[in-house]
Every structure is written in structure tokens, then in C-alpha cells.
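Read through the structure below, which is laid out as C-alpha cells, and then see the notes.
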Amino acid sequence: MSDCNSFAPQITCDSKVLILGSMPGVRSLELQQYYAHPQNRFWKVMGLICECSDLHELDYSQKLEVLLNHNFALWDVIGYCKREGSLDSAIYDEVPNKINELLNQYQNIKTICLNGNKSYAAFKKYFPDLLEHYQCYKMPSTSPANARYSLDVLYDSWKIIIS
């Protein structure tokens with residue numbers, strides 16, 4: 001089993017929507033980039049939301065710049081875990097990130113978007129009080145493991161964060 005550590009949050013003082021994954025997958029951990037697996041649809045969905053259709057083709061720093069300029073922030077619910085492979089179902093010995101501290105520091109965040117079932121389950125387990133104090137959305141996962149959702153269906157679900 002591998003020890004996995006999440007990345008630092010990508011956030012600015014202007015961020016209004018915090019998007020939380022569970023824990024980066026193997027490819028993302030190797031490259032030290034959120035949603036680095038080429039079949040993960042996160043960057044395509046966010047490209048539609050940010051009206052930047054080529055977002056998924058930009059280099060990583062440009063992707064983050066577009067997200068941050070649109071007042072989105074990225075982080076993970078889980079700060080540390082053990083896992084073999086990339087599947088959320090393989091996560092164990094998880095330790096949450098310090099999301100309360102982040103939200104205290106960045107008080108413009110009003111909405112929390114949870115990318116997938118594991119992100120939502122961990123958030124609900126470790127931060128149930130935040131479900132009551134923030135507009136929280138459980139979103140269908142953009143992971144390639146969630147292949148039953150087309151890009152159009154993902155976008156239709158995710159676009160609620162811009163309304």
C-alpha cells in the first residue's frame with residue numbers, strides 16, 4: 001500500500017467556490033497536478049463552466065490561473081491516506097485536511113462543491129457542521145471510473161455552481 005498526501009490548496013482571497021476532491025489519483029500524485037489523468041473530465045467540465053473550451057489543453061499553471069481567475073478554489077477533503085492504485089474505494093487510514101481552518105482564512109467562500117461520492121462521504125463524516133453553514137453540492141465524479149456520465153451530463157450537473 002502507498003502513502004498518499006494531498007496537495008496544498010489552490011485558492012485566492014477572491015475565491016467563492018471551493019471544489020473538493022477526495023484524494024488525487026496515482027497520475028496526479030506522480031505529476032503533482034490536480035486531475036492529471038488524461039481521461040479525467042474535470043478540466044473539460046471546468047472549461048465549459050469558465051467558457052474556456054481549450055482549458056484541458058493548457059499547461060497546468062494556465063489551468064489553475066483560469067480557475068482562480070473565475071473565483072474557484074481546489075483542494076481535497078482527505079489530506080493523507082493509504083491506497084493502492086487510484087480508486088476511492090481503496091482508500092483507508094484517511095486523515096482529513098484542515099478545511100475549517102482554510103474556510104476561516106478565506107471567508108469569501110460561500111459554496112462547496114464535492115467531486116464524487118467519496119469526497120462527499122468524507123466531507124459529511126469529518127465536517128457535518130459545514131453542510132449546514134455553506135451551500136454544498138454533491139457532484140457526479142469527473143473520474144474516468146465514472147464512465148456512465150457523458151461530458152454533457154457532467155456539465156449539466158456541474159453548472160449549478162455558476163448560477
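At 222 nm, what value in deg cm²/dmol follows for the chain if DSSP H runs of at least 4 each add -39500 (n - 2.57) and the sum is divided by all its residues, to the nearest 500? Don't skip to the answer; put the middle values down first.
Details: 7 runs with 55 residues, N = 163.
Computed mean residue ellipticity for the chain: -9000 deg cm²/dmol.
More than 16 Å apart: what percent of Cα pairs in segment 71-163 qualify? Don't skip to the answer; put the middle values down first.
On the way: 2499 of 4278 pairs.
The answer is 58 percent, as a whole percent.
Can you give the three extents of the C-alpha atoms in segment 118-163 along their principal axes, from longest to shortest, in whole Å?
So the three principal-axis extents are 32, 26, 9 Å.
Please compute the alpha carbon radius of gyration of segment 19-66, then divide it by the globular-protein estimate 2.2 N^0.38 Å. Two decimals is fine. Present the calculation step by step, with values, prior to reporting the outcome.
Details: Rg = 10.3 Å, N = 48, 2.2 N^0.38 = 9.6 Å.
Expressed relative to 2.2 N^0.38 Å, the Cα Rg reads 1.08.
For segment 31-70 and segment 88-163, what is the centre-to-centre distance using only Cα atoms, to the nearest Å?
Between the Cα centres of segment 31-70 and segment 88-163 lies a distance of 17 Å.
Using only the Cα atoms of segment 40-113, what semi-axes does the equivalent ellipsoid have when each is the square root of 5 times a gyration tensor eigenvalue? Give whole Å, largest first. Could you put the intermediate results ahead of the total?
Details: eigenvalues 125, 75, 18 Å².
Over the Cα atoms of segment 40-113, the semi-axes work out to 25, 19, 9 Å.
Report in % the part of the accessible area of segment 1-135 that belongs to carbon and sulfur, leaving out ligands and nucleic acids; probe 1.4 Å. If you can, show how the numbers build up before the last one.
Numbers: 3100 of 6830 Å².
The computed percentage sits at 45.
For segment 44-163, what is the charge dipole size about the Cα centre, in debye to the nearest 20, if Lys and Arg each add +1 at the Cβ and Asp and Glu each add -1 at the Cβ? Walk me through the numbers on the way to the answer.
Values: 12 positive and 15 negative charges, 70 e Å.
Approximately 340 debye in magnitude.
What do you get for Rg/Rh of the chain when both radii come from the Cα atoms and Rh is the Kirkwood radius? Numbers along the way, then the final one.
Numbers: Rg = 14.5 Å, Rh = 15.7 Å.
Computed over Cα atoms, the ratio is 0.92.
Which value, in Å³ per residue, describes the convex hull spanned by the Cα atoms of segment 87-139? If you can, show how the numbers build up before the last one.
Working: hull volume 4.1 nm³, N = 53.
In segment 87-139, the Cα convex hull volume per residue is 78 Å³.
With a probe of 1.4 Å, find how much accessible area the chain has per residue, and write the answer as a whole number in Å².
Numbers: 8460 Å² over 163 residues.
Value returned for the chain: 52 Å² of accessible area per residue.
Hey, which aspartates and glutamates would be in cross-link range of Lys125, C-alpha to C-alpha under 13 Å, not counting anything within fewer than 8 residues on its own chain?
In chain and number order, the partners are Glu94.
The values are calculated or read from the model by the stated rules, or taken from the named source; none is laboratory data. Since this is a predicted model, take the numbers as computed values, not measurements. Glycine gets a Cβ as well: all are built from the backbone with ideal geometry, and neighbour counts include every protein chain shown. The accessibility values were calculated without ligands, DNA or RNA, using every heavy atom of the protein model including side chains. Shrake-Rupley method; radii C 1.70, N 1.55, O 1.52, S 1.80 Å.
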